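Enquirer: Provided herewith is a single structure, encoded as structure tokens, for subsequent inquiry.
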Amino acid sequence: FSKNSIQDKTIKLSSYLPLYNKRKHFAMLGNFRHPPNHDSIWFAKYILWPLIKHQMNQEYNTDHSDVELHIYGAYPDKYTKSLTNKKDGFIVKGPVENPFKTLSKYRINFASLRFGAGIKGKICDGFLSGTPCITTPIGSEGLNDHLATRNEWGGLIGETINDLVLKSSLLYSNEDIWMKYHKQAIQVLNSHYNIENYKESFNTIFSYCLSNNATYINHLRKKNTMKQIFFYNHN
């Protein structure tokens, strides 16, 4: 990546992003001290990854024995490091300096999250690098609510173990489908998460809050029911 390309207001599809044949393997990204990430690694290691490898070899009659799942993240403990098994293609890599450059080398951004809240930064990093995602409904929270259908998203969402396995195999092995979601990952960021699309309305609201500080802030506080409940219980 060049410094300028990352800072562009919109991400260009063909300007610097490697395409299907220039990428290989699956990648997982996340801080190892975060319980949802720790659980997703266990889930991938013992449940999903063996089934995915088997499915790819069986369905496409090609040798995918060299396909690997690489795990990146800060603070890997001894247990996490011990999960590495090169024969199975499950490799814990540890900290990553630049997630954008790293993910741009991979064909799939894998996020097998079973719990957690909020927008997942690892999936946004994948979209920024043009890397389609395989994840769960938990992983996609907040990132597909604005879309008419999941078909418009930047990857595939699996609701069951079998669903995750089949969709992982399909997205990794089919170049046409991969290209579709590669393009959509970029489009989702450009359409819904580009600061230029929201800067004017944000500045308007922020200016209004500043000019009507006491009145407007009190109005917002009264509407925040959960805050009132917590404040009441605290006192």
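Enquirer: Just the accessible area per residue of the chain, please: how many Å² with a 1.4 Å probe?
Expert: For the chain, the solvent-accessible area averages 57 Å² per residue.
Enquirer: Sort out for me the Cα centre separation of the stretch 33-53 from the stretch 139-203, rounded to whole Å.
Expert: Centre-to-centre (Cα) distance: 21 Å.
Enquirer: Modelling each spin label as a point 7 Å along the Cα-to-Cβ direction, I'd like the ASN203/ASP88 distance in nm, to one decimal.
Expert: Going from the ASN203 label point to the ASP88 one covers 5.4 nm.
Enquirer: OK, next. Which entries in LYS101/LYS199; LYS53/LYS167; LYS101/LYS122 show an alpha-carbon gap greater than 23 Å?
Expert: Table pairs above 23 Å Cα-Cα are LYS101/LYS199.
Enquirer: Sticking with this structure for a sec: For ILE119 and ILE161 in one chain, what is 0.36 nm times their gap in residues minus the Cα-Cα distance, to one decimal in nm?
Expert: 12.9 nm
Enquirer: Treating the angle as unsigned and between 0 and 90°, give the value, to the nearest 10°, between the Cα long axis of helix 161-173 and the longest Cα principal axis of the chain.
Expert: Orientation of helix 161-173: about 70 degrees from the principal axis.
Enquirer: Also: Which aspartates and glutamates, on any chain, are close to LYS120 with Cα under 12 Å apart, when same-chain ones fewer than 8 places away are left out?
Expert: Once the sequence-local aspartates and glutamates are set aside, what remains near LYS120 is GLU141.
Enquirer: Would you please classify the overall shape of the stretch 65-111 from the alpha carbon gyration tensor, given that a ≥ b ≥ c denote the square roots of the eigenvalues, rounded means a/c under 1.5, and beyond that prolate means a/b larger than b/c while oblate covers the rest?
Expert: Oblate.
Enquirer: Rounded to two decimals, what ratio of Rg to Rh does the stretch 66-183 give with C-alpha atoms and a Kirkwood Rh?
Expert: 0.95
Enquirer: Another one. What number, rounded to the nearest 500 deg cm²/dmol, is the helix-based mean residue ellipticity at 222 nm of the chain, given -39500 (n - 2.57) per DSSP H run of at least four residues and division by all its residues? Provide the component values of the computation, followed by the final result.
Expert: Numbers: 11 runs with 108 residues, N = 235.
Counting only the DSSP helices, I get -13500 deg cm²/dmol.
Enquirer: Another question about this same structure. Roughly what angle does helix 199-211 make with the longest principal axis of the chain, taking Cα atoms, 0 to 90 degrees, to the nearest 10?
Expert: Value to nearest ten degrees: 30.
Enquirer: Treating the angle as unsigned and between 0 and 90°, give the value, to the nearest 10°, between the Cα long axis of helix 225-234 and the longest Cα principal axis of the chain.
Expert: For 225-234 against the chain, the angle is about 80 degrees.
Enquirer: What are the ³J(HN,Hα) values, in whole Hz, obtained from phi via the Karplus relation 6.51 cos²θ - 1.76 cosθ + 1.60 with θ = phi - 60°, for each residue of the stretch 127-141 in sequence order, with x given for Gly and Pro?
Expert: 4, 4, 8, x, 9, x, 10, 10, 8, 9, x, 4, x, 8, 3
Enquirer: Take the alpha carbon gyration tensor of the stretch 8-136, find the square roots of its eigenvalues, order them as a ≥ b ≥ c, and report rounded if a/c is under 1.5; if not, report prolate when a/b exceeds b/c, else oblate.
Expert: Note, shape of the stretch 8-136 comes out oblate.
The values are calculated or read from the model by the stated rules, or taken from the named source; none is laboratory data. Since we're looking at a predicted model, the values are computed, not measured. Positions of Cβ are generated from backbone atoms using ideal geometry, with glycine treated the same way; all protein chains shown enter the neighbour counts. The area values use the complete protein model at the heavy-atom level, side chains included, leaving out ligands, DNA and RNA. Shrake-Rupley method; radii C 1.70, N 1.55, O 1.52, S 1.80 Å.
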